[in-house]
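The values are calculated or read from the model by the stated rules, or taken from the named source; none is laboratory data. In this text, all values refer to a predicted model and were calculated from it rather than measured experimentally. Cβ atoms come from the backbone with ideal geometry, glycine included; neighbour counts cover every protein chain shown. Side chains are part of the model used for accessible areas, which takes the heavy atoms of the whole protein and leaves out ligands, DNA and RNA. Shrake-Rupley method; radii C 1.70, N 1.55, O 1.52, S 1.80 Å.
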Amino acid sequence: MATKETSGRVVHLKVKRQDSPEKPDTARWEEFKVPYLPQMNVNSALQQVQRYPKTTEGKEVAPVVWEAACLEEVCGSCTMIINGRVRQACSALVDQLAPNGETITIEPMSKFPLVRDLVVDRSRMFADLKKVKAWIFLDGTHELGPGPRESPEQQEERYPLSRCMTCGCCVESCPQFNDASPFMGPAVMNQVRLFNLHPSGAMHKNERLDAVMGPGGISDCGKAQNCVEVCPKEIPLVDSLAVVARDTTKRMLFGWLLK
Ligand code: SF4
Ligand code: SF4
Ligand code: FES
């Protein structure tokens, strides 16, 4: 039996499920009760559900589907809404969420297309990263010689920006990021700043700025600042939005001089 408890303590989970995007009629909440284990997090609680997929009423169901890879808050794949807050399942500790056995609610992110249960399709973020060329251009076909050096000060400024794991927490919380708007969101703007700061990346700075001066660009940000509140990597997103806004304004006003 799934909930054979050695310590007697159990963890209550309430999971929002849906079989597929084409089957909205299968949307439902299911409740599970799993044995408590020391240091348990939501990911390990879901693993227990997966092992013994039986609801609290004793009904056998299909195992809950979710994504996870690194299990150390680095890949972003286990991002979901836990007790109403968007975060990673692998770092959401049961002891903190339900110290007195409270029910933990788990839902998929709402701003991306649903795939199944807790899995969503975050492709939109990756497509937007392509639009802004969020990479350093390197041509490996011939000897380029040494690249420009990056100073320790530049490295220090860039490092916090580089910690983004494209998890989607920021866009989930952003009122401007939705199906009706092409806004690329704060993570993408932060990558524009990151790569424009890099001495080699700066060679393509204007292409990135042009990309965020168009539809879905920086001017769509409503400055609500929800994004910075939820970023698990504490990336200074509001600063990045301000830097990109300043740079695009400069390009708009003086870009013609550089053509
Ligand atoms: S900026 Fe923060 S919240 Fe947004 S995708 Fe990157 S790590 Fe996640
Ligand atoms: S400041 Fe507000 S509107 Fe702008 S990206 Fe962040 S959450 Fe979205
Ligand atoms: S599994 Fe990678 S962030 Fe949770």
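A few remarks follow.
- For the stretch 1-108, the Cα-based Rg and Dmax, in that order, read 13.3, 42 Å.
- With viscosity 1.002 mPa s and temperature 20 °C, the Kirkwood radius over alpha carbon pairs of the stretch 177-259 converts through Stokes-Einstein to a diffusion coefficient of 162 µm²/s.
- Accessible area per residue was computed with a 1.4 Å probe on protein heavy atoms; W29 scores about 110 Å².
- Sites D19 and S162, calculated FRET efficiency, Cβ-Cβ separation with R0 41 Å, nearest 0.05: 0.60
- Cα-centre dipole for the stretch 70-169 with unit charges at Cβ (Lys and Arg positive, Asp and Glu negative), debye to 20: 440 debye
- Accessible area expressed per residue, the stretch 96-181, with surrounding protein chains retained (probe 1.4 Å, Å²): 59 Å²
- Set of lysines with alpha-carbon distance to K130 below 26 Å, sequence-local pairs under 8 removed: K111, K205, K223, K233, K250, K259
- Mean shadow area of the stretch 36-89 over all directions, Cα convex hull, nm²: 4.4 nm²
- Under 24 Å from K54, Cα to Cα: lysines that are on another chain or at least 8 residues apart: K4, K14, K16, K23, K33
- As a fraction of the 1.4 Å probe accessible area of the stretch 112-259, surface on carbon and sulfur atoms comes out at 56 percent.
- Pairwise centroid distance, computed over Cα atoms, of the stretch 158-215 with the stretch 76-140, Å: 17 Å
- Taking A180, A202, A69 in turn, the Gaussian network model of the chain (Cα-Cα springs below 10 Å) assigns the largest fluctuation to A180.
- Among complete DSSP H helices in the chain, those whose alpha-carbon atoms stretch at least 18 Å along the helix's long axis and whose mean Kyte-Doolittle hydropathy reaches -0.5 are 237-258.
- In the chain, excluding the sites themselves, the longest stretch lacking any of the GluC sites (Glu not before Pro) that are in a DSSP loop with at most 15 other Cβ atoms within 10 Å is 151-233.
- The sum of -39500 (n - 2.57) across all DSSP H runs of n ≥ 4, divided by the residue count of the chain, sets its helix-only mean residue ellipticity at 222 nm to -9500 deg cm²/dmol.
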